[in-house]
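All remarks here apply to the structure that follows.
The values are calculated or read from the model by the stated rules, or taken from the named source; none is laboratory data. Quantities reported herein were computed from a predicted structural model and do not represent experimental measurements. Positions of Cβ are backbone-derived with ideal geometry, glycine not excepted, and every protein chain shown enters the neighbour counts.
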Amino acid sequence: MDNKLFRQAMSKFATGINIVTIRHNNVIHGMTVNAFMSVSLDPKLIAISIDEKASMYQLIQDTKEFGISILLEDQKDISMILAKQKAADKEIEYKDVNNIPVLKDALVTMSCKVDEMVPAGDHMIFIAEVTSIEVKEGNPILYYNGKYRKVDKE
């Protein structure tokens, strides 16, 4: 099978939009990811998958910690800016949780410490322990079939 068919098939799985953030040499770096999942309740573990070509790939290996911010439905612009789908037209606001940067107004924010790194093809899977979590009310933004979507309200 070719890469195009594989990507098309994977686009049929609706995902939330998450921002991975780190501080490296006193500079905050952020990246949009949809390869995110819960792994374990005890201990509280999550996993993200980062392409080896992404700058975040090596930065997380260096810092061994990162933040996760699950985006609200009105935060599409932040996702697009950090995914390099559009130029930055506003400043992205961060706050520190356990000295790890996360988005200031996200639906969910987590600080995480890397527990394990697993090479997987052209990606690295970072399994991390969640050290703090904050949850707000609201609806997430979704990504499906190559487009941003909103949750239908019933």
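Would you please name the residue that is nearest to Gln85 (Cα to Cα), looking only at residues in the stretch 1-47 that are of a type in the set (Lys, Arg) and at pLDDT 95 or above?
Checked the stretch 1-47; the qualifying residue nearest to Gln85 (Cα to Cα) is Arg23.
Among (1) crowded, with 16+ Cβ neighbours inside 10 Å; (2) assigned to a strand (DSSP E or B); (3) hydrophobic (A, V, I, L, M, F, W, C), which single condition is Val118 missing?
Condition (1) is where Val118 drops out.
Which condition breaks for Gln75 when tested against (1) surrounded by fewer than 19 Cβ atoms within 10 Å (Cβ to Cβ); (2) of a type outside the set (A, V, I, L, M, F, W, C); (3) touching a strand residue (DSSP E or B) at 6+ places or on another chain (Cβ under 8 Å)?
Exception for Gln75: condition (1).
Being touching a residue at least 12 places away in the same chain (Cβ under 8 Å) and in a helix (DSSP H, G or I) is the filter here, so list the residues in the stretch 43-70 that pass it.
Ser55, Met56, Tyr57, Leu59, Ile60, Gln61, Asp62, Thr63
Checking Val97 against (1) under 22 Å from Tyr57 (Cβ atoms); (2) among the β-branched types (Val, Ile, Thr); (3) surrounded by 17 or more Cβ atoms within 10 Å (Cβ to Cβ): exactly one of these is not met. Which one?
With respect to (1) under 22 Å from Tyr57 (Cβ atoms); (2) among the β-branched types (Val, Ile, Thr); (3) surrounded by 17 or more Cβ atoms within 10 Å (Cβ to Cβ), Val97 is out only on (1).
Out of the residues in the stretch 1-49 meeting the condition of being of a type in the set (Lys, Arg) and closer than 26 Å to Lys104 by Cβ, tell me which one is nearest to the chain's Cα centre (by Cα).
The qualifying residue nearest to the chain's Cα centre (by Cα) is Arg23.
Quick check on my filter: what residues within the stretch 1-30 are aliphatic (A, V, I, L, M) and in contact with a Lys or Arg (Cβ under 9 Å, 6 or more places away or on another chain)?
Across the stretch 1-30, the qualifying residues are Ala14, Ile17.
Do we find that Val20 is in contact with a helix residue (DSSP H, G or I) (Cβ under 8 Å, 6 or more places away or on another chain), β-branched (Val, Ile, Thr) and free of Cβ contacts under 8 Å to residues at least 60 places away in the same chain in this structure?
Yes: the conditions hold for Val20.
Mind listing whichever residues of the stretch 100-115 are surrounded by 14 or more Cβ atoms within 10 Å (Cβ to Cβ) and either among the aliphatic types (A, V, I, L, M) or over 13 Å from the mean Cα position of the chain (by Cα) (or both)?
Within the stretch 100-115, the subset surrounded by 14 or more Cβ atoms within 10 Å (Cβ to Cβ) is 100-103, 105-115.
Ile100, Val102, Leu103, Asp105, Ala106, Leu107, Val108, Met110, Lys113, Val114, Asp115, listed by residue number.
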